[in-house]
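The values are calculated or read from the model by the stated rules, or taken from the named source; none is laboratory data. The structure displayed is predicted, hence computed values, not measured ones. As a convention, Cβ positions derive from the backbone with ideal geometry for all residues, glycine included, and neighbour counts pool all protein chains shown. Side chains included, ligands, DNA and RNA excluded: accessible areas come from the protein's heavy atoms. Shrake-Rupley method; radii C 1.70, N 1.55, O 1.52, S 1.80 Å.
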Amino acid sequence: MNSTFVILVGLAELAGLAGMGLTITWMIKYLGGFGWDGYAKQFNVHPLMMTVGMIFINGNALMLYRVTLSLNLPRIIVKFCHLGLQLLAAGCGSIGLAAVFGFHKTIGTANLYSFHSWVGLATFIMFGIQLLFGFLFFILFFFLLPRSENLRGRFLPIHVFFGKMILILATITTCMGIQEKAMFAMPNYDSLPAQAYVAHFAGFSFVIFTVTVLYVLSNDKFRTASDRSSPQLLSPDVNHSTSQSNT
């Protein structure tokens with residue numbers, strides 16, 4: 001396995017874990033911890049679940065095809081692993097949304113009044129549509145319509161593009177959310193208290209994770225020779241030769 005590839009994947013994982021660790025630290029040390037009480041502790045579930053699901057798990061699902069190249073696994077196994085990770089990401093995101101909507105209901109605050117919430121909800125809806133169409137084209141059609149290679153091949157670039165775009169939008173939404181929460185939570189925000197550094201470095205960590213993941217997905221060196229020559233081979237008897245960012 002390419003040593004540069006290993007370093008980059010390791011960097012992505014460290015950055016993602018750092019982002020989640022700093023988010024947990026921010027929520028526990030400065031914002032009261034986690035709970036499901038309808039109040040602040042329930043709100044704190046929102047940023048954790050959204051970043052874990054929509055950024056970390058989602059990003060790892062996108063990298064899965066590259067990470068498993070050296071294992072020579074049957075492509076359908078990798079497809080189901082990818083699907084499983086995306087379903088887990090969707091579950092985390094659903095919990096995160098339920099947490100913030102429940103919090104707003106308890107305290108009597110309107111939903112979806114900020115630009116952060118608009119972009120975030122749009123991103124989650126896009127993720128759901130992407131998951132649905134990915135399942136239809138690359139799982140269901142794979143079994144029920146084995147001769148649909150050309151159709152799946154034409155859809156693949158669209159699926160890959162939106163997979164990357166959703167990760168980018170999730171990261172942008174996270175950065176907006178961190179900024180918004182920091183301004184609400186810190187009256188002395190302009191003096192950069194310790195809490196602000198924790199929040200800012202959490203955001204930086206997620207940005208580093210996303211940029212690294214996108215570089216890994218976009219660098220032709222991390223694809224096999226068969227990928228480069230025939231990037232849209234989709235026949236059932238070929239291992240996961242697409243190696244793209246999504247199924």
Kindly check whether there is at least one residue in the stretch 156-171 that is over 27 Å from Leu11 (Cα atoms), out of contact with any helix residue (DSSP H, G or I) (no Cβ under 8 Å at 6 or more places or on another chain) and either without any contact (Cβ under 8 Å) to a residue 24 or more places away in the chain or among the hydroxyl-bearing types (Ser, Thr, Tyr) (or both). yes
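Yes/no matrix, rows are residues, columns are (1) surrounded by fewer than 18 Cβ atoms within 10 Å (Cβ to Cβ); (2) assigned to a helix (DSSP H, G or I):
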residue: Ile76; (1), (2): yes, yes
residue: Phe80; (1), (2): yes, yes
residue: Gln86; (1), (2): no, yes
residue: Gly93; (1), (2): no, yes
residue: Ala98; (1), (2): yes, yes
residue: Phe101; (1), (2): yes, yes
residue: Thr106; (1), (2): yes, yes
residue: Ala110; (1), (2): yes, no
residue: Ser117; (1), (2): no, yes
The lone condition Thr123 fails out of (1) buried (at least 19 other Cβ atoms within 10 Å of the Cβ); (2) over 19 Å from the mean Cα position of the chain (by Cα) is (2)
I'm trying to understand the selection: among the residues of the stretch 129-163, which are of a type in the set (D, E, K, R), surrounded by fewer than 19 Cβ atoms within 10 Å (Cβ to Cβ) and in a helix (DSSP H, G or I)? Glu149, Arg154
Which numbered condition Leu8 fails, given (1) over 19 Å from Met126 (Cα atoms); (2) open to solvent by 50 Å² or more (accessible area, probe 1.4 Å); (3) of a type outside the set (Val, Ile, Thr): (2)
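Kindly establish whether Ala15 is closer than 30 Å to Leu140 by Cα and small (Gly, Ala, Ser). Quick ask: steps written out before the conclusion?
Numbers: closer than 30 Å to Leu140 by Cα: no; small (Gly, Ala, Ser): yes.
The answer is no for Ala15.
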When every residue in the stretch 187-232 that is part of a loop (DSSP other than H, G, I, E, B) and either open to solvent by 70 Å² or more (accessible area, probe 1.4 Å) or among the aromatic types (Phe, Trp, Tyr) (or both) is compared, the one modelled with the lowest pLDDT is Gln232
Which of the residues spanning the stretch 31-74 are assigned to a helix (DSSP H, G or I), open to solvent by 20 Å² or more (accessible area, probe 1.4 Å) and not aliphatic (A, V, I, L, M)? Lys41, Phe43, His46, Pro47, Phe56, Asn60, Ser70
